[in-house]
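Below is the structure I would like to discuss, written out as structure tokens.
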Amino acid sequence: MQTAALSELQPPPEPHAPEIAIDEVSRDLSRALERAEVNAWLDLYDAAPADFATHHGLSIARDGDLVWTTCTKIPFIHFNCVKNIGVDGPATEEQVDALLAHYRAAGIVRPWFYTSPHTEPSRLRCWLEARGLQHQSGWERIFRDATPLAPEPLFPAADIAVEEVTPGTAAEWASFIDARYRLPTSPWLVALVGRKGWHHYMLKRDGAVAAVRSLFISDGAAWSGIDAPVPGIMAPSFDLDAVIGERLVRDGIAAGAKLFVADIEAPRPERDGPAYRNYARLGFRIAYFRNHYSYLPANSS
């Protein structure tokens, strides 16, 4: 007589609705969402001091609408990735091979590629896997329009304050980011403070920086990033990121942003939990899950 597994004796979990709205976005809207991020990275790389870029092998390249980044000294996902392959037009196998050859020649062991449900062609993922890259999780791409928030604070807190970074506080802000990510990017970050389109924020508790996040506004689209600590990954709490996120939305609307783009970097299959609830309160909706592909680490089994 065979004994049933415990999982077979238990009733299946009750399905429940996600804690955030999910939209069926159009291909044109998906392109606008991705373009908001690409524009931020193009400007971010333009701001890099020449000596910093040379020392770290930092560069960004484009072929038409296609954009990819390279950094020979810092193995960070954003610095060695193809930002938008298959987004503004169908990708080709020749493009994939040329990009992989570029990263090999640069000595980059783990380049990254992003795909989404709108990436063309759909077999792009098969091309990546055929060349040894594997799915490495991904992020929820979320967005909102310029609908105003309620006037009263959504995430009130008595013991914290959010302030915009100024040239006088730029070093403090940059040092906080570098310490959290263990990166040497302070000279680059400081160059972004006061730059057109950029708004950087620090959340302080008892006078000490506890969280940061930035907003880049271009052509009416606002991209949110350069966040630390990443909630759910670097920090267990999502509360501080919600407070600073609210400030970004309010200031972005006041600055004329019509479209906001961000990511949930600690996704959950059921699309529940504090990140989803907080972003839903801020008026965000899920556009799609953006998959990430790269080679496995050398020490991985």
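Of all residues being within 18 Å of the chain's Cα centre (by Cα) and of a type in the set (Asp, Glu) in the stretch 233-279, which is surrounded by the fewest Cβ atoms within 10 Å (Cβ to Cβ)? Just the residue, please.
Checking each candidate, the answer is GLU265.
Charged (D, E, K, R), modelled with pLDDT of 95 or more and touching a helix residue (DSSP H, G or I) at 6+ places or on another chain (Cβ under 7 Å): is that true of ARG213 in this structure?
Details: charged (D, E, K, R): yes; modelled with pLDDT of 95 or more: yes; touching a helix residue (DSSP H, G or I) at 6+ places or on another chain (Cβ under 7 Å): yes.
In short, yes.
Can you pull out every residue in the stretch 83-138 that is within 16 Å of HIS292 (Cβ to Cβ) and small (Gly, Ala, Ser)?
GLY86, ALA91, SER116, GLY132, SER137, GLY138
May I pose another question? Hand me the list of helices (runs of 4 or more DSSP H) wholly inside the stretch 14-127 holding 2 or more residues that are touching a Leu at 6+ places or on another chain (Cβ under 6 Å).
Details: elements: 27-46, 50-56, 93-106.
In the stretch 14-127, no matching helices (runs of 4 or more DSSP H) lie anywhere.
Follow-up question, since we're still on this one. Do we find a residue being surrounded by 15 or more Cβ atoms within 10 Å (Cβ to Cβ), without any contact (Cβ under 8 Å) to a residue 60 or more places away in the chain and closer than 30 Å to TYR276 by Cα anywhere in the stretch 91-100? Walk me through how you get there before you give the answer.
Within the stretch 91-100, the subset surrounded by 15 or more Cβ atoms within 10 Å (Cβ to Cβ) is 91, 95-96, 99-100.
Restricting the remaining residues to those that are without any contact (Cβ under 8 Å) to a residue 60 or more places away in the chain gives 91, 95-96, 99-100.
Then drop every residue that is not closer than 30 Å to TYR276 by Cα, which leaves none.
No, the conditions are met nowhere in the stretch 91-100.
Here's a check for you: in the stretch 127-160, which residue that is small (Gly, Ala, Ser) and closer than 30 Å to LYS258 by Cβ is modelled with the lowest pLDDT? Explain how you work it out, then say what you get.
Of the residues in the stretch 127-160, the ones small (Gly, Ala, Ser) are 130, 132, 137-138, 146, 150, 157-158.
Still in the list and also closer than 30 Å to LYS258 by Cβ: 138, 146, 150, 157.
Values: GLY138: 95, ALA146: 98, ALA150: 95, ALA157: 84.
By that ranking, first place goes to ALA157.
To continue, here is another question. Counting just the residues of the stretch 108-143 that are aromatic (Phe, Trp, Tyr) and surrounded by fewer than 21 Cβ atoms within 10 Å (Cβ to Cβ), which one comes out farthest from the chain's Cα centre (by Cα)? Can you show your working first?
So in the stretch 108-143, the residues aromatic (Phe, Trp, Tyr) come out as 112-114, 127, 139, 143.
Filter once more, so that each one left must be surrounded by fewer than 21 Cβ atoms within 10 Å (Cβ to Cβ): 127, 139.
Numbers: TRP127: 24, TRP139: 7 Å.
Once the filter is applied, the top-ranked residue is TRP127.
The values are calculated or read from the model by the stated rules, or taken from the named source; none is laboratory data. Fair warning: this is a prediction, and the values are worked out from it, not measured in the lab. Heads up, the Cβs are rebuilt from the backbone with ideal geometry, glycines too, and the neighbour counts pull from every protein chain shown.
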